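Only the coordinates and a few stated rules stand behind these numbers; no lab work does. Keep in mind that what you see is a predicted model, and the values were worked out from it rather than measured. Ideal geometry is used to build each Cβ from the backbone, glycine not excepted, and the neighbour counts take in all protein chains shown.
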């Protein structure tokens, strides 16, 4: 049986410790991000041991982001990817940071992101053939439907345009997988509570791990990208945990 592009493909099943249905999920997730926005950059810096900015820049350049491009950064959060895109495209390019969370976008503006817009990747408020690049940094696990998401990405890309999705994927090796689980499930939430004093941010980081652990496998993501019409679909893996998904609109 061939895949059905109209069938919803959720990035992970219902996580009953946090919500019971899709409408509740959207509200709970938005609340967690809004209430944790002021702590988010500090958490990311701790979690990546200060290497996150360097890695994201390398990933963007590796994918082909360059000067003068028009870029949409979906699930932009506090603007980590958007700011790097702004630097790369320069004054002759343009970057729009889109995110569902008002709190995260407020921090993004403070951080220096020029153009922000509240919205969802599954329902992009842009005309067809608008962007040279669509980027998404570690937000794929928070959407409602991969097929709908990638169809929208394909729609708003110009012919020849490209997507870059950055994600965290569990390592294949059992020992490394166990170490990553210990770090992200136990250590990071504990540090978040002890050093930042935020139980809500701790809860967000616990949820963050649950979405990683329960996320659909890479082959499902790649299949969904292809189903949306993207070509030259590929997954590059860095350090056994960082996945870079790319695809082109012909």
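Things to note:
- FRET efficiency, residue 24 to residue 48 (Cβ-Cβ, R0 35 Å, nearest 0.05): 0.70
- Annotation: for a label point projected 7 angstrom from Cα along Cα→Cβ of residue 66, residues of region 128-172 with backbone N closer than 17 Å are 132-134, 158-164.
- With 0.36 nm allotted per residue and the present C-alpha distance subtracted, the residue 58-residue 128 stretch has 22.3 nm of extension available.
- Label zone at residue 179, where the point sits 7 Å out along the Cα-to-Cβ direction: region 211-250 residues whose backbone N lies under 12 Å: 240-241
- With R₀ set to 30 Å, the beta-carbon distance separating residue 232 from residue 102 gives a calculated FRET efficiency near 0.25.
- Normalised contact order of the chain, rounded percent, pairs of Cα under 8 Å and 6 or more residues apart: 21
- Among [x] 1.03; [y] 1.08; [z] 0.96, the entry derived from the coordinates for Cα Rg over 2.2 N^0.38 Å: [z]
- Spin-label zone in region 171-195 - amide nitrogen under 13 Å from a point set 7 Å from the Cα of residue 111 along the C-beta vector: none
- Think of it as helices only: each DSSP H run of n ≥ 4 in the chain is worth -39500 (n - 2.57), and spread over all residues that comes to -14000 deg cm²/dmol at 222 nm.
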